[in-house]
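J.: If you scroll down you'll find the structure; I have some questions about it.
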Amino acid sequence: MTALSKRREKTAPPLPDASDLKLGIVLSDYHGSFAEGLLRGARSCLKAHGVPLESVAEIRVPGAFEIPQAVSRLRAACKPPLDAIVTLGVLIRGDTLHFEVLSHEVCRSLSEIGRSSGVPVAFGVLTVDTEQQARDRTGTGRSNKGWEAAEAAVRMALLFRQIEDRDAGGGTFSERPGRRRAGR
């Protein structure tokens, strides 16, 4: 574990209860062993937040380019609507412009889907130069980028719910989004 990972572990906020969230995960199968590491990290995070396995819709796509297409379809098809979607995949730089084109387009498309739909889309697509960098980011614990993406999805879903509750009741924000209050 790196010094940054140790510091992140010590300063991480308490895990909010997300047991009533309905989430989606879209995983690119390309670079399969790294993708599976990201998925393990995301599943571990959701379990730690109390999200039941049956409340998570998981789908797999062949590559990173297909992730935004699947996110759009999954978001439209799920009833009741998903609270957030976690996207996971791995892009490793090669000798051509393919990496730059894909990484830019996937990020731009996912960002647009999140903005236009109002459903948080967490970005867990690694964009790395080497396989070693991918290995370093798909290990165990909270430094796993799958964990980080799942945690971002949970916190954003809870934040959006808090905003909706505030709008409905005219209240104010009394706590940091995604954190448990004492005694809960």
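Each reported figure results from applying straightforward, stated rules to the coordinates on display, with no laboratory input. What you see is a predicted model, and the numbers here were worked out from it, not measured in a lab. Every residue, glycine as well, gets a Cβ built from its backbone with ideal geometry; the counts of neighbours run over all protein chains shown.
J.: What's the FRET efficiency of Asp165 with Asp95 using the Cβ-Cβ distance as r and R₀ = 45 Å, to the nearest 0.05?
T.: 0.35
J.: What does the charge count near Ala134 come to, summing +1 for each Lys or Arg and -1 for each Asp or Glu among other residues with Cβ under 11 Å from its Cβ?
T.: +1
J.: Cβ neighbours within 10 Å, averaged per peptide: list 155-164, 79-88, 128-137 in order, most packed at the top.
T.: 79-88, 155-164, 128-137
J.: If every alpha-carbon in the stretch 64-114 counts as one equal scatterer, what log10 I(q)/I(0) does Debye give at q = 0.29 1/Å?
T.: The Cα Debye sum returns log10 ratios of -1.16.
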